[in-house]
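Reviewing the structure listed below.
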Amino acid sequence: LAEIATSEAPAVAAARARRLGFVVLLVAVAIALIFIGRRVGALHIDWRVLAIAVPAFPVAYYAMLDMFGHHFSLSAVPDRKDAMDLLFDFGLLSTSIHILASRVALRGRVVLRDRLAAANALTLCGMFVSILPGGLMWAVFSARSSVALPSPSMILLIPATYIAVACYALATALTLGLEIVIFFARAVDPRTRLRRLERAAARERSRLGPSRKAAANPEAAREKWRTNGDSGLG
């Protein structure tokens with residue numbers, strides 16, 4: 001086994017380097033997409049939304065995995081199929097937690113365009129956070145980039161990371177799909193359109209308030225101007 005590992009070491013190192021380079025390229029593309037989307041208005045980086053919703057899935061998933069796996073050990077699992085089924089159960093439960101956290105984080109956003117843009121940013125940033133560890137596992141511990149047997153903790157953590165990526169993709173797809181439904185439902189609702197018009201009218205009245213008061217009482221405006229002028233001369 002040692003001879004095989006020694007002979008395969010150059011090919012394994014080259015494969016690992018290529019895959020790590022590919023992961024770095026994907027990270028750069030994801031960061032570029034975030035900046036471009038924010039610049040064109042398709043993404044709205046709301047740090048409150050991201051701080052609440054993005055950690056919800058990984059914190060819930062890996063906390064359950066840690067409690068289940070005795071520090072990621074397979075010794076407590078009698079069968080591989082049982083372990084995978086349990087990991088998927090954890091992923092689906094974490095998916096529900098992510099959807100609820102996203103709903104709480106997006107609550108209170110009345111401007112539909114900003115709400116959908118915040119949901120877009122949540123989807124892209126969340127997928128970036130979940131795919132990054134999955135990409136590193138693929139680059140370092142896959143069959144072509146490693147010949148050594150992983151440690152007992154990694155034997156469970158590798159498939160658990162892949163399952164986390166799949167379930168997080170499901171969670172973000174459901175969250176974004178729900179927000180798209182809400183966007184179109186409220187966009188065509190006449191009551192919602194009326195409330196938006198009322199808010200716009202209130203903002204316009206607030207903006208025009210001082211000028212309207214001055215137009216309604218020109219003598220007071222002239223007196224104020226004289227007072228300011230006299231104080232400036234003094």
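The values are calculated or read from the model by the stated rules, or taken from the named source; none is laboratory data. This one's a predicted model, so the numbers in the text were calculated from it and none came from an experiment. No Cβ is skipped: glycine too gets one built from the backbone with ideal geometry, and neighbour counts run over all protein chains shown.
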Quick check on residue 144: is it farther than 23 Å from residue 92 by Cβ, of a type in the set (Lys, Arg), assigned to a helix (DSSP H, G or I) and at pLDDT below 85? no
Tabulated pairs, the stretch 162-177, first farther than 15 Å from residue 60 by Cβ, second surrounded by fewer than 15 Cβ atoms within 10 Å (Cβ to Cβ), C-beta under 9 angstrom, 6+ apart or interchain: 166/88
Of all residues in the stretch 93-122 being over 30 Å from residue 197 (Cβ atoms) and either small (Gly, Ala, Ser) or in contact with a Ser or Thr (Cβ under 8 Å, 6 or more places away or on another chain) (or both), the one that is surrounded by the most Cβ atoms within 10 Å (Cβ to Cβ): 98
Single match in 90, 68 (criterion: modelled with pLDDT under 85, in a helix (DSSP H, G or I) and surrounded by 17 or more Cβ atoms within 10 Å (Cβ to Cβ)): 68
Cβ-Cβ distance below 6 Å, separation of 6 or more or different chains: which pairs start in the stretch 101-130 with a residue that is in contact (Cβ under 8 Å) with a residue 24 or more places away in the chain and end on one that is among the aromatic types (Phe, Trp, Tyr)? 112/183; 116/183; 130/168
